[in-house]
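Heads up: the structure comes next, in structure tokens.
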2 protein chains.
Amino acid sequence: MKIKKPYLLFLGDAADQLAAKTAIGIRDWRPDDCVGQFRMDDCKADAGLEDMTIKQAVDAGAKTLVAGVANRGGIISDAWVAVLKDALNAGLDLAAGLHNKLADVPALQRTAKRKKRQIFDVRHPSETYPVANGEKRSGKRLLPVGTDCSCGKMYTALAIEKEMLEREMKATFRATGQTGILITGEGVSVDAVVADFISGAIETISPANDPDHWDIIEGQGSLFHASYAGVSTGLLHGAQPDALVLCHEPTRTHMRGLPHYPLPGLEDCMEANLQVASLTNPDVKFVGVSVDTSRLGEDEAFAFLAQISTRLGLPAVDPVRTGVDVIVDGLI
Amino acid sequence: MKIKKPYLLFLGDAADQLAAKTAIGIRDWRPDDCVGQFRMDDCKADAGLEDMTIKQAVDAGAKTLVAGVANRGGIISDAWVAVLKDALNAGLDLAAGLHNKLADVPALQRTAKRKKRQIFDVRHPSETYPVANGEKRSGKRLLPVGTDCSCGKMYTALAIEKEMLEREMKATFRATGQTGILITGEGVSVDAVVADFISGAIETISPANDPDHWDIIEGQGSLFHASYAGVSTGLLHGAQPDALVLCHEPTRTHMRGLPHYPLPGLEDCMEANLQVASLTNPDVKFVGVSVDTSRLGEDEAFAFLAQISTRLGLPAVDPVRTGVDVIVDGLI
């Protein structure tokens, strides 16, 4: 799977800015891959790109319309279908990371077939993957792991890739979730593959590479999340990480979606991740901590980072507030 | 999913006894659920049941023909299809645990539809499962875990269920793989569910029960298997086991299918399983060790069991050679 770029970002009828966070993420991390945005009349979000019609986007070189927005009520509305059909008719591919598939909408299916266009429903893997073989691959790999779900793993990975590329290091972000896939145009939605192939899928998307090349692999879930730890375990084994970054959101009172489950201690979380990861890479180690301090004040945030850094003996950053350069410094 | 019993066991054109091991397993563990066997002319296996025609089986009360045999070359042959179609026409459902689906064979699909019969391809989950909620369920649960794949976990679980039922304890074997499902008529092929739902599937097949009821849940894979540990992790979390039994095959020189991976030490394997399992059940403990000693001589086998038992401070059994009663003794 390789989604063709550049993109026209479809913001649809987003109810607010948050509903279009995928589009905003694509614009933030791959601005050069976006020719503009398409907003319907009642759209309340803005990715800060030029508003374009489908025709203007095609003329500007767009290859794919990316639905970077949540669909209201989980429904793919007739209003959406009308726009998406126009896009197909104008020669664009479609890509989306929704729970339901654009390719299941008969009108889009028919139009795509007639116009020989592709529809990428990236939350639904269409490829098959081999069973993991556990064999050591050349090249370096970094993986952010979390105390919980949704605590900044993708953001941390993208920030580290960006910092490395700015230093002219060889680095590639490897997407394992739908937003990451839409940002890069490829990857695997690892929580949607068949359970036997979790590790094999990760081995596939992070193949052998130059000895000085870094794959920055997007982490998922947490070994301490009672719903999703199987995914996190298989991802750790398939990634064979040399370097782990611990991601944490310090104001969370319980594991996401599981009110009866407290968060693990940072040391316990690190120890468990090292133990699991060491199966496929005995040399694995932690190289930093990445904290989402957005819910803390400025002084509190810096105090927390300093305290964590001293306690764990690792650089501690917030990718947004401080950047990740001290982590990358340690990898050179 | 609930496969109707009793069964007619289809041994097909089995090349040897091993090819029909699923049928033999069903006969061993659920003899009262089998009315007879159907063998084609060139069948080299024998489940020791009465040979029957389809009509005789139907007259004897059979509800489902179970293909308890590997299909040669992974092909569903015309000769098979002819028999299976006859079975559908005679009013039987079909069940199989093959990699390819009987339901994908057009002639069988059409006949099943016309005769309103069901086809259960148990390796391919047709149900959807919720995300695990991690909430404590009433009742007791035992899970065999392995140093490796294929080291006696299903056999151990079935032997413990049998021993408990003979003592009039409340116990139910919960199948998580295709052979186990065909034996019991229900369960989930957990390595074939979508990764996000591994733990949720196990929560579903092992619901809340009487406080003195034991679910004996079939284990899968190993935390130390670089291909499948994600499945084992999710299974452990969903099972919330009170009791673990360590399964081991002592002559194995490397992890199954992974020549570069040695087996873990027994103590390391126990510690890792306790750590993972304690997330959803902090009171988890090991209650025994189950060793497949079939490749050892009699003296060697008993010496090994005695040594392991002393070393680990747990009852050590071979379900075939010694039975599992000392493990069940410890659970009362």
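The values are calculated or read from the model by the stated rules, or taken from the named source; none is laboratory data. Please read all numbers here as calculations on a predicted model, not as lab measurements. Here Cβ is always computed from backbone atoms with ideal geometry, including for glycine, and neighbour counts include all displayed protein chains. Note: areas computed on protein heavy atoms with side chains; ligands, DNA, RNA excluded. Shrake-Rupley method; radii C 1.70, N 1.55, O 1.52, S 1.80 Å.
A few notes on this one:
- Computed with every protein chain present, the accessible area of B:Arg110 is close to 150 Å² [probe 1.4 Å].
- For chain A, modelled as a GNM whose springs connect Cα atoms under 10 angstrom apart, the maximal fluctuation among A:Cys247, A:Cys43, A:Cys34 occurs at A:Cys43.
- Residue-averaged beta-carbon neighbours from other chains (10 angstrom radius) around A:194-206: 5
- Peptide A:231-242 shows a mean partner chain C-beta count of 4 within 10 Å per residue C-beta.
- Note on B:Lys5: accessible area approximately 60 square angstrom, rounded to 10, probe 1.4 Å, nucleic acids and ligands left out.
- Under 19 Å from the A:Gln118 label point (7 Å along Cα→beta-carbon), backbone N, the stretch A:84-100: A:85, A:87-98
- Heavy-atom accessible surface of chain B, averaged per residue, reaches 41 Å², computed with a 1.4 Å probe.
- Distance between the pseudo-spin-label points of B:Asn209 and B:Phe302 (7 Å out from Cα toward the beta carbon): 3.4 nm.
- Evaluating 6.51 cos²θ - 1.76 cosθ + 1.60 at θ = phi - 60° for every residue in the stretch A:10-27, the Karplus couplings come out as 8, 9, x, 10, 3, 6, 7, 4, 4, 5, 9, 5, 5, 4, 4, x, 4, 4 Hz, glycine and proline recorded as x.
- Calculated mean residue ellipticity, 222 nm, chain A: -9500 deg cm²/dmol, from DSSP H runs (n ≥ 4) at -39500 (n - 2.57) each, averaged per residue and rounded to 500.
- Rounded to 10°, Cα long-axis angle of helix A:229-239 versus longest principal axis of chain A: 80
- Computed FRET value (nearest 0.05) for A:Glu186 with B:Lys2, which takes r as the C-beta separation and R₀ as 45 Å: 0.60
- Solvent-accessible surface (1.4 angstrom probe) belonging to B:His254, in square angstrom, nearest 10: 60
- Kirkwood Rh and Cα Rg combined as Rg/Rh, the stretch A:58-122: 0.93
- Accessible surface of chain A, 1.4 Å probe, proportion on carbon and sulfur as whole %: 51
- Calculated FRET efficiency, B:Ala15 to A:Asn100, Cβ-Cβ distance, R0 = 60 Å: about 0.85 to the nearest 0.05.
- Relative to the dominant Cα principal axis of chain A, helix A:153-166 is inclined by about 90°.
- In whole percents, the pair-distance distribution calculated for chain A from its alpha-carbon pairs, binned every 20 Å from zero, is 31, 57, 12, 0.
- Cα gyration tensor shape for the protein assembly as shown, rounded if a/c is under 1.5, else prolate or oblate: oblate
- Take each residue of peptide A:131-139, count the partner chain Cβ atoms within 10 Å of its Cβ, and average: the result is 4.
- Those aspartates and glutamates that a straight Cα-Cα span of less than 12 Å connects to A:Lys85, excepting residues fewer than 8 apart in one chain: A:Asp93
- Taking the Cα centre of the protein assembly as shown as origin and assigning +1 to Lys and Arg Cβ atoms and -1 to Asp and Glu Cβ atoms, the resulting dipole is close to 2340 debye.
- B:Asp191, B:Asp329, ranked by accessible area, largest first (probe 1.4 Å): B:Asp329, B:Asp191
- Listed by chain and number, the lysines whose alpha-carbon sits under 19 Å from that of B:Lys44, ignoring those within fewer than 8 places in the same chain, are B:Lys21.
- Selection from B:Ala23, B:Ile3, B:Leu108 lying farthest towards where the dipole of the stretch B:1-158 points positive, charges on Cβ: B:Ile3
- Ordered from highest to lowest accessible area with the whole protein assembly present and a 1.4 Å probe, B:Asp299, A:Asp242, A:Asp51 read as B:Asp299, A:Asp51, A:Asp242.
- Net dipole in debye of chain A [+1 Lys, Arg Cβ; -1 Asp, Glu Cβ; about Cα centre; nearest 20]: 1240
- Partners for A:Lys170 among lysines (Cα-Cα distance below 18 Å; same-chain residues under 8 apart left out): A:Lys140, A:Lys162
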